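The values are calculated or read from the model by the stated rules, or taken from the named source; none is laboratory data. These numbers come from a predicted model, not from an experiment. All Cβ positions, glycine included, derive from the backbone under ideal geometry; neighbour counts span all protein chains shown. The accessibility values were calculated without ligands, DNA or RNA, using every heavy atom of the protein model including side chains. Shrake-Rupley method; radii C 1.70, N 1.55, O 1.52, S 1.80 Å.
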Amino acid sequence: MAKSSFEQEFPDYKIVPEKRPKWPWILAWTAFVVFVVGMPVLLFKGLTYNDTSALTSSFARPKLFSLAMSQSEKGDHQEALRNFERYFALGGQEADAMALYAYSLLEVGRRDDAISWAKKAVDKDPLSKAAKLIHDTLESK
């Protein structure tokens, strides 16, 4: 078979174009589809997530303690007591939490309970300044 005049005149020029790899296009389309389809699905799942078992995890205890502490400091002792009780129900054992619980009990008029919780706080951590302060204050009255 004879070469055409074009092939004879331009011997280095390839008539058939080079084959480019397809993986960049496959990668780009996969990323696009994952983003366009996957993100709304993840957002929907995240917005409709309503698992109450997350409250029983060890992550909830510090948050409950912080919430109860701030409520106690603001003077909302009824709510603080409720959150301290939830904290203790989840296994919280910090002496400072016990001491603040005793303080909130005292503020709502439950002095006997406050004394017993102050004693528990001091027994739990004899070096806790908050526990000592509240225990000593209750014992002196």
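The table below gives the values:
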quantity	calculated
Residue count for the stretch 130-141, restricted to those that are under 19 Å from residue 66 (Cβ atoms) and more than 29 Å from the chain's Cα centre (by Cα)	1
Selection count, the stretch 75-107, where residues are over 24 Å from the mean Cα position of the chain (by Cα) and farther than 19 Å from residue 120 by Cα	4
Residues that are open to solvent by less than 40 Å² (accessible area, probe 1.4 Å) and either among the small types (Gly, Ala, Ser) or without any contact (Cβ under 8 Å) to a residue 24 or more places away in the chain (or both), drawn from the stretch 92-115	92, 95, 97, 99, 102, 104, 114
Flag if residue 140 is surrounded by 13 or more Cβ atoms within 10 Å (Cβ to Cβ), out of contact with any strand residue (DSSP E or B) (no Cβ under 9 Å at 6 or more places or on another chain) and of a type in the set (S, T, N, Q)	no
Number of positions in the stretch 5-24 that are surrounded by 10 or more Cβ atoms within 10 Å (Cβ to Cβ) and either part of a loop (DSSP other than H, G, I, E, B) or at pLDDT 85 or above (or both)	1
